[in-house]
Amino acid sequence: MSSPLLTSDQAYAELHCITNYSFLRGASHPEELVKQAEKLGYKALAITDECSMAGVVKAHVAARDCQLKLIIGSEFNLDEDIQLILLSRNRLAYGQICNLITTARRRANKGEYRLSMKDLEFSLSECLAIWIPGRIESHHLVCGKRLQQLFTGRLWLGLEMFPDGHEIECYEHALTLSIQLDLPLVASGDVHMHHPDKKALLDVISAVRMRQSIRLAGRLLFANREKYLRPLSVINAFYPHDLL
């Protein structure tokens, strides 16, 4: 029997989405992302700019106008080569994430930040966390155990799948970690643009970030094509229903 399909009547939320406030990474304005999410039938959208809350004000205004549930959070890339999404579930959690952003920015040069897992030990008691393991790395199990201690009952493994040749590896790795650590899996999309028409712009800013011409950047830009707010039919094709 085939798995039931996700419909617009069900509560799908995109939990990992950056805007053009993530410098040289996101290609769409916050309001564009919010409006497109509502158009596609999403029930909620998380704005998770990298170590920043800069995009949430415009996202909030747009979400209020179109009555889409907005989730506020932030993305962090830790010194331990771990990508973590923190989501606020209340006003206190929002303040905790803002304090963490301030700490990370103060210890680095302008436009940069620095965080390690040790920085997560204090004052994040109200935050929800999604760890995006991606492809297999030898240190993941050890780091996963530590994250599990830091976010007991508030940690999920984020599975992000694209037709880039690594989707089976990512799925099997996330599933293995889920079993080993007894952590739930959740689907997310690593969204960088609201519509695939923004692909050319995303390629340009990605090439600038990598300090390469688009021609030389080549295959590094391939996955960009899929990092948009995907229709529910496409999401159904990639993820097991329970993860949605």
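The residues in segment 157-176 that are surrounded by 14 or more Cβ atoms within 10 Å (Cβ to Cβ) and small (G, A, S) can be counted, and the count is 2. Of the residues making up segment 30-43, those that are within 15 Å of R230 (Cβ to Cβ) and open to solvent by less than 20 Å² (accessible area, probe 1.4 Å) number 4.
On the basis of being in contact with a helix residue (DSSP H, G or I) (Cβ under 9 Å, 6 or more places away or on another chain), open to solvent by less than 20 Å² (accessible area, probe 1.4 Å), touching a residue at least 12 places away in the same chain (Cβ under 8 Å) and part of a loop (DSSP other than H, G, I, E, B), does A27 make the cut? Steps first, answer last, please.
Numbers: in contact with a helix residue (DSSP H, G or I) (Cβ under 9 Å, 6 or more places away or on another chain): yes; open to solvent by less than 20 Å² (accessible area, probe 1.4 Å): yes; touching a residue at least 12 places away in the same chain (Cβ under 8 Å): yes; part of a loop (DSSP other than H, G, I, E, B): yes.
Answer is yes for this residue.
Within segment 131-152, if we keep just the residues that are among the hydrophobic types (A, V, I, L, M, F, W, C) and over 16 Å from L87 (Cβ atoms), the residue that is surrounded by the most Cβ atoms within 10 Å (Cβ to Cβ) turns out to be C143.
Among residues of segment 93-107 that are of a type in the set (V, I, T), those with a beta-carbon under 7 Å from a residue that is in a helix (DSSP H, G or I) at least six positions away or on a different chain give the pairs T103/D119. Of the candidates S123, S116, S52, the single residue that is of a type outside the set (D, E) and within 18 Å of H192 (Cα to Cα) is S52. For segment 180-212, the candidate set comprises residues that are in a loop (DSSP other than H, G, I, E, B), open to solvent by 50 Å² or more (accessible area, probe 1.4 Å) and not polar (S, T, N, Q); within that set, the residue that is farthest from W156 (Cα to Cα) is R211.
Only residues that are aliphatic (A, V, I, L, M) and closer than 28 Å to A54 by Cβ were counted across segment 131-160, and they come to 6. Selection of segment 15-36 for residues being basic (K, R) and out of contact with any Lys or Arg (no Cβ under 8 Å at 6 or more places or on another chain) yields only K35. Residues that are in a helix (DSSP H, G or I) and within 16 Å of the chain's Cα centre (by Cα) within segment 226-240 comprise E226, I235, listed in sequence order. When residues in segment 85-130 are screened for being open to solvent by less than 30 Å² (accessible area, probe 1.4 Å), within 14 Å of D49 (Cβ to Cβ) and out of contact with any helix residue (DSSP H, G or I) (no Cβ under 6 Å at 6 or more places or on another chain), 6 of them pass.
The values are calculated or read from the model by the stated rules, or taken from the named source; none is laboratory data. Please read these numbers as outputs of a predicted model, since none were measured by experiment. In this analysis, Cβ positions are derived from the backbone assuming ideal geometry, glycine residues included, and neighbour counts consider all displayed protein chains. With ligands, DNA and RNA removed, areas are computed over all heavy atoms of the protein, side chains included. Shrake-Rupley method; radii C 1.70, N 1.55, O 1.52, S 1.80 Å.
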